[in-house]
Amino acid sequence: MTRHEEWMKKALREAERAFECDEIPVGAVVVHEGRIIGRGYNQVEMLQDPTAHAEMIALTAAANHLRSRRLEHCTLYVTLEPCAMCAGAIVLSRIPTVVFATFDPKAGACGTLYDIPGDKRLNHQPHVISGVCDKESEELLKGFFGRIRGVKNL
């Protein structure tokens, strides 16, 4: 198992927490110097907050831990491609590397619908790595939406 896969498994555990709370199963962890300093899972429905995405919660926790809005020596691992809001927060936080599991064809802003991290007009362009543990993330998402729609054995 690669280093990225090990950290992504931690993000997948966060996604499972979201699943258990009837939230879209997305999880994220921020790693700094070999330690998780921020973690989060989707809590949009629970908090009735459209900004309560896994990435936003993990970034806030990491910034609080470091007492800095700049997360320059960190890596963000997230189970689903970040949306435009989260990609914007990633750029603003100066995270150098983002690793995500599966692409989001409906809202992805790290290469699918948009490529915010790759936009040279912005003052920071994080390196993006995709496809790490994508099958596990896809299965979790399919299981969640299958349950919501009442479909079994997706």
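No value in this document is a laboratory result; all are computed from the given coordinates. Small disclaimer: the values here were computed from a predicted structure and weren't measured.
Note that the range 21-95, at 4 °C in a medium of 1.567 mPa s, gets a Stokes-Einstein diffusion coefficient of 107 µm²/s from its Kirkwood radius over C-alpha pairs. Put simply, the chain fits an ellipsoid with semi-axes of 24, 16, 15 Å; these come from the alpha carbon gyration tensor as the roots of five times its eigenvalues, largest first. Cross-chain or 8 or more residues apart, Cα under 23 Å: how many lysine pairs in the chain fit that? Count them up, please. Total qualifying Lys-Lys pairs in the chain comes to 9. Taking every alpha-carbon pair under 8 Å whose residues sit at least 6 apart, the chain reaches a relative contact order of 19 percent.
Under 5 Å between amide hydrogens, built in the peptide plane, is the criterion, and for L71 it picks out R94, I95 among residues at least 5 positions away or on other chains.
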